[in-house]
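Here is the structure we will look at, set down as C-alpha cells.
The values are calculated or read from the model by the stated rules, or taken from the named source; none is laboratory data. Keep in mind it's a predicted model, so treat the numbers as computed, not measured. Positions of Cβ are generated from backbone atoms using ideal geometry, with glycine treated the same way; all protein chains shown enter the neighbour counts.
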C-alpha cells in the first residue's frame, strides 16, 4: 500500500483541530499553544494542568462560541502575570484549581460542561472565583480585537459622545421595556 502524505494545508488544518488550545510543557516553561493561528503564551507560574483548567473556566464563565480560545488564553496569561508578581495571588490560583478538582472528585476539566458549571456554582463566592471572573471581564471585553465582535464601536468622545452616535444601536440585545428607559426631562 502506498503511503499517503498530507500536503501543508491538510497538515495545518488537521493539527489545528487536534491541538487547538492544547497546553504544552517544555523545559519547565508552560505555553498555551494555538497552532491554527500561530499564537502562544508562555506562562511562568501556572503549570500545564492549572493553565488548562483556567482556560476551560474562563470559557465557561463567559462563553462566546465565535471567539477563539486564544482570547481566553489572554486572560490565563494575565492571571499568570498577576501570580508572578504576588505570591498570595499565585497560591490562591493554585489552591483554587486544587479545590475545584477536589469538588469534581478528579480532574474538573474532564467533566461535562454542566457538571463543571455545577462545581463553579459551589465556589462562586470565593476569592479565587471572583479573581478569575473579574480578570475575564477586563481580559475579554476590554480587548480591542474583540470590540467589533460585540458591536462596540469604541470610545465616543472624539465623535461628540454617545447621545449623538447611537448609544442604543445594539441589535443583539432585546429591546428593554419602556419603564427601563424613562423619557428625558
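What the table shows:
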read-out	value
For residue 121: the one exception among (1) at pLDDT 95 or above; (2) loosely packed, with under 15 Cβ neighbours inside 10 Å; (3) within 15 Å of the chain's Cα centre (by Cα)	(3)
Tally, over region 128-150, of residues that are closer than 24 Å to residue 104 by Cβ and surrounded by fewer than 12 Cβ atoms within 10 Å (Cβ to Cβ)	1
Positions within region 36-72 being assigned to a helix (DSSP H, G or I), in contact with a helix residue (DSSP H, G or I) (Cβ under 9 Å, 6 or more places away or on another chain) and at pLDDT below 90, in sequence order	69
Any chance residue 88 is part of a helix (DSSP H, G or I), in contact with a helix residue (DSSP H, G or I) (Cβ under 7 Å, 6 or more places away or on another chain) and either modelled with pLDDT of 95 or more or surrounded by fewer than 19 Cβ atoms within 10 Å (Cβ to Cβ) (or both)	no
Meets criteria (part of a helix (DSSP H, G or I), within 28 Å of residue 103 (Cβ to Cβ) and touching a helix residue (DSSP H, G or I) at 6+ places or on another chain (Cβ under 8 Å)) for residue 137	no
